[in-house]
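Participant: My structure is below; once you've seen it, I'll send some questions.
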Amino acid sequence: MDKRLKHSLIALAVAGAFPLHYASAQEAQQPAAEAKQPGQLETVIVTAQRRAENIKDVPMAIATVKGEKLDVLTSGGQDIRFLNGRSPSVSVESDYGRTFPRFYIRGLGNTDFDLNASQPVGLVMDDIVMENPMLKGFPVFDVDQIEVLRGPQGTLFGRNSPAGVIKFDSAKPVLGKTEGYFSAGFGKDGVRNLEGAYNLPASDTLAFRFSGQSQHRDDRVHNPRPTGTQDFEGYDDHAIRLQALVKPSKDFSALFNIHARNMDTTATLFRANILKKGTNDLVDGFDYDTYPTDGFNNQWLKTRGGNIRLRWDLPNVTLHSITGYDKLDLYSRADVDGGYGANFNPPVGPFGGIPFPLETADLMPNHRQFTQEFRAESNGKGPLQWIAGLFFFNEDIQIDSISFNTFNNSSLNPEYTQQFQDARSWAAFGTLNYTVSNDFKVRAGLRYTTDKKDFMAQRIEPNKPVWRQELSDTSHNVSWDLSGTYTLDKDTNLFGRIATGYRAPSMQGRLYGIGDKPSMAAAEKAISYEFGVKADLMNRRARASLTVFRYDMDDKQLTAGSGAINMNRLINADKVTGQGVELDLQANLGYGFSGTFGSSYNDTEIKDAKVFDTKCGYPNTFCTVTDPDGPFPGTVSLNGNDLPRAPRWQHNFSLKYSTDLGNGELYAYTDWAYRSTYNFFLYEAKEYKAKSLLEGGLRVGYKWDNYEIAAYGRNITNRIQALGAISINNLTGIVNEPRTYGVQFKATF
């Protein structure tokens, strides 16, 4: 078969990867790009290996999101969870609403809802590691690109990234050019989205970039009962970023970044009795707009931060210094039982009736994070290239967890727990890239990390002595990776990669009662194997990436529930395995059509005959558990189960049609994401197994000169179902957001 015909058939059989982005990384050397012919795709430039490279030359599974795709996915005011399902093997969810996103890559994530929970997916924003989950929800605006790095990233990006890294790069100031944009959107439920950026060159050596976002939505859920909070799910979410680029010479640059966020909203709604016993269906008569409760719900978050990135270009070597500081203040109160009319003698009534009240608030009155990285890298032309660096991390956290007496809706004399955590880490790392021949390149990386964590929790109850518990641990780890790229022909690269990952020990303890003790999970370690092919097809009118992978994890950190109270237990499973395949493809199809398709299959398994979890609501179990009994009464064995919130199948698809009309362009864009079923918790139960879900969006618009006007819709089929649940109090669930729609106007200059 003719090679060109073969490539064309492959491209038409599968549809595409993520929208491309142009060369970004102003401060990095840009690889040479071939001349682009009409209809060909732009070269994708990524900085996954801390250098600007063509995505085809990087030996790992990577996806990117930017530009039009980003505008479409955030049309309705979506928070960072818009990334859920928009890249193969990637999921994002939250039990806190617009804060505390929990990321999963290849089935690896963490369902822990404690505010000091660590995650195996790292999030890097403008070269700064955002460790605390509340920092990971910073709004996405004026972003040049998003990179999703699948698989362990323990060498260059450090601790707590055995599953992968999601990397955000803001648009940076530009010298000698005044530019910017303004966007305004209005939609259902009083949605208002305002966003803009302005690049101001002050001189030949100084430029500023101001960018910001303001989002608002009216309350859309009402409580028909006379007690408790009356209206929910409205928000005001404002964020700004100020950057200054100083470049006094061609050899030195300094980039300063200050950012902040203020958000006022309500926390996630935990809706009591919305799952039919024995099934995963919503109860008959479920009404999204109604939420009967006797509890209170409010949430606010403030974050502040800044970073300084310095760069010196010397003969044969480039030096970097990256300093970051972030802090946050949080208050989040929710009616976790999700209902009303507590009755300690079941059965209880439908649509809100509960066996016992459970209302809690979490506060972070003190949080700060400091990071410092020094990095040197070669900048010569020889076959050997290298990077070496040092990294320092320090984080201090205070968490107050309060339990309220919801029988009389009183906040007097609450019981509460305080947690204090001091985490410190340092690392030395390096990589070597060697061009063996024109067709074969190898890479090797090594990182040594030391983590020290001190933890203290204390329980405070009226008229009782303070119950105080302490934990401390120091761990050391060596991570490494080895990869290679082989050029099969000018359009096709093969790659292979073996990489290790590591997550530092985790500690937490709400101490629900006097006598409770905090729990600790030991460090987890992973080794991953992957092989793939990246190819330009149809004379560069299409691009495909296919990856096959397997990983083995030792001492995998898992979050188990208590069964009856709002408290987690950290445990280790001896071994967890995962394997699967991922596909990204993008194509210009001709006749005004372009499309993308992504797909992944992930098969995960817990392999530990001794690990167990507690049944829902034990001793009054109300769900239908399908796992065998565990070693103690009320427990279930987890051996052989999939990881929680790890769908086996995920697909994403988009199709755009555009045509010239008058003096502009008329376009229509639709995008869809599908994921198969998954377990809410470590154990399996009929009620706590998510249904498969297909959600889609539509955007129709017109562009002319420097202007664009569009109408959009998200979740256009209005499919509502349970995404998560609470295992301790009735069949309480969390559902996805309903259909929304609106209009948007954008002007650039």
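Participant: Using modelled backbone amide H atoms (1.01 Å from N, in-plane), which distant-in-sequence or interchain residues come within less than 5 Å of Lys575's amide H?
Facilitator: Sorted by chain and number, the residues that satisfy this are Asp555, Lys556, Lys607.
Participant: Still on this structure, please answer the following. Sorting check: for 103-115, 272-284, which peptide has the highest mean count of neighbouring beta carbons within 10 Å, and how do the rest follow?
Facilitator: Ranked from most to least packed, the peptides come out as 103-115, 272-284.
Participant: Now for a different question. Work out from phi, with θ = phi - 60° and the Karplus expression 6.51 cos²θ - 1.76 cosθ + 1.60, the ³J(HN,Hα) of each residue of region 202-212, listed in order in whole Hz, and give x for Gly and Pro.
Facilitator: The phi angles translate into 8, 6, 5, 10, 9, 9, 10, 9, 9, 9, x Hz.
Participant: For a label point 7 angstrom out from the Cα of Thr474 toward its Cβ, which stretches of region 361-395 have the backbone nitrogen within less than 20 Å?
Facilitator: Correct set: 391-395.
Participant: Hey, what D do you get for region 576-647 in µm²/s if you plug the Kirkwood alpha-carbon radius into Stokes-Einstein at 25 °C and 0.890 mPa s?
Facilitator: The diffusion coefficient I find is 158 µm²/s.
Participant: Next question, about the same structure. What FRET efficiency comes out for Thr205 versus Tyr448 if R0 is 22 angstrom and r is the Cβ-Cβ distance? Round to the nearest 0.05.
Facilitator: Plugging the Cβ-Cβ distance into 1/(1 + (r/R0)^6) gives 0.05.
Participant: Okay, moving on. Using 0.36 nm per residue, how much length does the chain from Asp629 to Ser321 gain when fully extended, once their Cα-Cα distance is taken away?
Facilitator: 105.5 nm
Participant: For helix 3-13, what angle does its Cα long axis make with the longest principal axis of the chain, in degrees from 0 to 90 and rounded to 10?
Facilitator: 30
Participant: Which ³J(HN,Hα) values in Hz, rounded to whole numbers, follow from the phi angles of region 692-701 under the Karplus curve 6.51 cos²θ - 1.76 cosθ + 1.60, where θ = phi - 60° and Gly and Pro get x?
Facilitator: 4, 9, 10, 10, x, x, 9, 9, 10, x
Participant: Follow-up question, since we're still on this one. Between Gln508 and residues 5 or more places away or on another chain, which pairs have amide H atoms under 5 Å apart, with H built 1.01 Å from N, and which residues are they?
Facilitator: Ser519
Participant: Ranked highest first by average number of other Cβ atoms within 10 Å, how do 141-150, 215-224, 64-73, 156-165 line up?
Facilitator: Per-residue Cβ counts within 10 Å, averaged per peptide and sorted highest first, yield 156-165, 141-150, 64-73, 215-224.
Participant: What does the extension gain come out to for Leu194 and Val548, with contour length at 0.36 nm per residue minus their alpha carbon separation?
Facilitator: Working it through step by step, the gained length comes to 123.3 nm.
Participant: Another question, if that's okay. Can you work out ³J(HN,Hα) from phi for every residue in region 286-297, in order, using Karplus 6.51 cos²θ - 1.76 cosθ + 1.60 and θ = phi - 60°, giving whole Hz and x for Gly and Pro?
Facilitator: Result, ordered by residue: 4, 10, 4, 6, 10, 9, x, 8, 10, x, 10, 8 Hz.
Participant: If the chain between Val466 and Leu666 were fully stretched, how many nm would it gain, using 0.36 nm times the residue separation less the Cα-Cα distance?
Facilitator: Stretched fully, the Val466-Leu666 segment lengthens by 65.3 nm.
Participant: Extending each Cα 7 Å along its Cβ direction at Lys36 and Asp439, get the distance between those two points in nm, one decimal.
Facilitator: 3.0
Participant: Determine, for each peptide in 128-140, 499-511, 612-624, the mean count of other beta carbons within 10 angstrom over its residues, then list the peptides with the highest first.
Facilitator: Going by the mean number of other Cβ atoms within 10 Å, highest first, we get 499-511, 128-140, 612-624.
Participant: Same structure, new question: Could you check how much of the accessible area of region 598-749 is carbon and sulfur, as a whole percent, using a 1.4 Å probe?
Facilitator: After summing per-atom areas, the C and S share lands at 56 percent.
Participant: So, one more: For region 39-99, just the Cα set please: Rg and Dmax, both in angstrom.
Facilitator: Cα only, region 39-99: 14.3, 44 Å (Rg, Dmax).
Participant: Then there is this: Which far-off residues, 5 or more places away or on another chain, put their amide H under 5 Å from the one on Asp629, with H placed in the peptide plane?
Facilitator: Ser637
Participant: Still on this structure, please answer the following. Quick one: Cα centre-to-centre distance for region 414-473 and region 220-297, in angstrom?
Facilitator: Each part's Cα centre sits 28 Å from the other's.
The values are calculated or read from the model by the stated rules, or taken from the named source; none is laboratory data. The structure presented is a predicted model; accordingly, all values stated were derived computationally and were not measured. So basically every Cβ, Gly included, is an ideal-geometry build from the backbone, and we count neighbours across all protein chains shown. Ligands, DNA and RNA are stripped out before the accessible areas are found, and what is left, the full protein with its side chains, is counted by its heavy atoms. Shrake-Rupley method; radii C 1.70, N 1.55, O 1.52, S 1.80 Å.
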